[in-house]
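Trainee: Supplied in structure tokens, the structure appears directly below.
The values are calculated or read from the model by the stated rules, or taken from the named source; none is laboratory data. All values derive from a computational prediction rather than experimental measurement. Here the Cβ positions follow ideal geometry from the backbone for every residue, glycine too, while neighbour counts run over all protein chains shown. SASA here: full protein model, heavy atoms, side chains in, ligands and nucleic acids out. Shrake-Rupley method; radii C 1.70, N 1.55, O 1.52, S 1.80 Å.
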Amino acid sequence: MRPIQNWQIKALYALGGSLGIVERGSHDDGLHALVGVLTGKETVTALTQKEADLVLAELRNRMKGMPDPPKKKKQRPTTPGGMTGGQQDKVWRMMYQLTDCDPAPSSASLGIRVAGIIRREFGIDATGDDPFRWLTYQQGSQLIEALKGYVKSAQTRQKKKGGVECRMSGNCLSS
């Protein structure tokens, strides 16, 4: 019988910690109780590789029943008096709608495309990595209104061509 490997020990403690059954510095916790029930051994280091795999499988099964941790929403950089995170999110959603309506995929990134729209609408040179840096809250609202027009025009153009209104958004309609 092969003794347990270090990666197995780390995996056991990591999964046990995720489940909340590990009590640091104690052999009287839920992980050790599970090890005892499944293998009859008192410590993790006394396990064989096969026994460790058995305990790992049980821990993974228990992890399946746990809810996923809440996803953290990406924080958009904001400046006082500038576009809010909500405005930025709205612009990005609308840019994805525009992309869905493109007859052929563009080689330009969305950041570069939105920077071009900002340059055209406001005469402000923006970069693709932080296109909203110099926009005020009011300009953010104006940008959203302009993008609504862009999206509507793109959808109308697509519809006139007899295709689908968009490729990926949830409101695709055949004409």
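Trainee: Filter region 8-56 down to the residues that are of a type in the set (S, T, N, Q) and open to solvent by less than 50 Å² (accessible area, probe 1.4 Å), then identify the one that is nearest to MET66 (Cα to Cα). It would help to see each step written out before you state the result.
Mentor: At the first step, the residues of region 8-56 found to be of a type in the set (S, T, N, Q) are 8, 18, 26, 39, 43, 45, 48-49.
Going one step further and asking which of them are open to solvent by less than 50 Å² (accessible area, probe 1.4 Å), we end up with 8, 26, 39, 43, 48-49.
Details: GLN8: 21, SER26: 24, THR39: 24, THR43: 25, THR48: 27, GLN49: 26 Å.
The residue in question is GLN8.
Trainee: Here is a further query. Taking the condition within 30 Å of VAL151 (Cβ to Cβ), in contact (Cβ under 8 Å) with a residue 40 or more places away in the chain and open to solvent by less than 60 Å² (accessible area, probe 1.4 Å), does ASP89 pass? Give the derivation first.
Mentor: Values: within 30 Å of VAL151 (Cβ to Cβ): yes; in contact (Cβ under 8 Å) with a residue 40 or more places away in the chain: no; open to solvent by less than 60 Å² (accessible area, probe 1.4 Å): yes.
Considered against the rule, which asks whether it is within 30 Å of VAL151 (Cβ to Cβ), in contact (Cβ under 8 Å) with a residue 40 or more places away in the chain and open to solvent by less than 60 Å² (accessible area, probe 1.4 Å), ASP89 comes out as no.
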